[in-house]
1. Compare the Cα positions of 274, 83, 108 along the charge dipole of the chain (+1 at Cβ of Lys, Arg; -1 at Cβ of Asp, Glu; about the Cα centre) and return the one farthest towards the positive end.
2. Please identify the trypsin sites (Lys or Arg not before Pro) of the range 46-132 that satisfy two criteria: DSSP loop assignment and at most 11 other Cβ atoms within 10 Å. Which are they?
3. Using the Karplus curve 6.51 cos²θ - 1.76 cosθ + 1.60 with θ = phi - 60°, work out ³J(HN,Hα) for each residue of the range 71-79 in order, rounded to whole Hz, and write x for Gly and Pro.
4. Could you point to the residue in 167, 53, 215 farthest towards the positive end of the range 7-222's charge dipole, with +1 and -1 charges on the Cβ of Lys/Arg and Asp/Glu respectively?
5. Along the principal axes of its C-alpha atoms, what lengths does the range 150-282 span, in descending order and rounded to whole Å?
6. Between the alpha-carbon centers of the range 55-121 and the range 217-261, tell me the distance in whole angstrom.
7. Using only helices, what value at 222 nm comes out for the chain when you add -39,500 (n - 2.57) per DSSP H run of length 4 or more and divide by the total residues, to the nearest 500 deg cm²/dmol?
8. Can you compute 3J(HN,Hα) from phi for each residue in the range 139-153, using the Karplus curve 6.51 cos²θ - 1.76 cosθ + 1.60 with θ = phi - 60°, rounded to whole Hz and x for Gly and Pro?
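Computed from the coordinates by the stated procedures, all read-outs in this text should not be read as laboratory data. Values in this document were obtained by computation on a predicted structure and should not be read as measured data. Reconstructed Cβ throughout: ideal geometry from the backbone, glycine too, with neighbour counts over all protein chains shown.
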Amino acid sequence: MKSLSGVIALIPTPLTKRGKLYVKDLKKLIDFQFENGCTGVGVLAGIGEGYLLRPEDWTDVVKSTVDKVNGRGPLIVGCAAMGTGVAVDYVKEAADIGADAILSFNPIGYRSYTVEETYRHFKAQAEAAEVALVPYARDMDMIHPEVVKRLVDEGHVKHMKYGFHSCGILEQLVSLTGDKLYRFCGADTWTLRYLLIGCQGIMTATAAVFPKENVELLKLVKAGKIKEARELYYKVFLPWNDAGFYENWQWAHKYAFKLLGLMSSDNMVPPQALGEEYHKAEIESLLKHLKKI
């Protein structure tokens, strides 16, 4: 079972007009991450629209990514599902194909699940395959700290992607799990503050667009160079937070990659739509200002 650390870039799923995987662009995206210092890549997370793809297209993405990563670093695969059974099936399939880790989501339903139900959901996935399970606490979708602690104490989980919008809950997780849990910052718009509070790595979509800057930010924080880290954050991260994270943020990232020459199109999985012209202009203006295009 591979250990995960550093900066893991979550990449979008490049699509043809027919909605099928554009393998040539996938290779470009993967190469870009490793060439700029990322330790690994992730597919089929929120940015990867994995929850919207047909099962056969989901499988195609995993197979193609395993081939293109070719052992250069750990590959994490998103396995979002409404129920535990489907999530377990995805975990087994991803592991059989060659994934190194699973990005695991809360069960999706029409009510809030109890602590015990949530624990069993993640435990079942952890026991389904010999790969690392990375629970993902999303922006407004918390995984209760006691669930995480129990999973860690029982040896089911060693990593977590923390994107829930609460500094207090993060501090509680640090207190409960200490160095037994490697915490990735998973909130693009909260990256610096979470690194300062208790996250040790970065796992975001922003890391895919700006891999070199994310690697440098993490390096500066670890070296205690907080002034320099803030300067970098204000220069690159905050402007991107404004330009990339309103309306359809998944499309915004695809459009940025199109401008960077790493994707041929910004096609989306239905029902998601392309962005408006004013949003395109804002992204283009920022990338020009940062001398990326």
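1. Towards the positive end, the residue furthest out is 274.
2. Numbers: sites: 63, 68, 72, 92, 111, 120, 123; in loops: 72, 111.
Answer by residue number: 111.
3. Running phi through 6.51 cos²θ - 1.76 cosθ + 1.60 with θ = phi - 60° gives x, 6, x, x, 10, 10, 10, x, 10 Hz.
4. Comparing the listed Cα positions along the dipole, 215 ranks first.
5. If we take the Cα atoms of the range 150-282, the spans are 48, 36, 24 Å.
6. The range 55-121 and the range 217-261 have Cα centres spaced 26 Å from each other.
7. Working: 13 runs with 135 residues, N = 293.
Calculated mean residue ellipticity at 222 nm is -13500 deg cm²/dmol.
8. For the range 139-153, the Karplus-derived couplings read 3, 10, 10, 6, 9, 4, x, 5, 5, 4, 4, 5, 5, 5, 4 Hz, x marking Gly and Pro.
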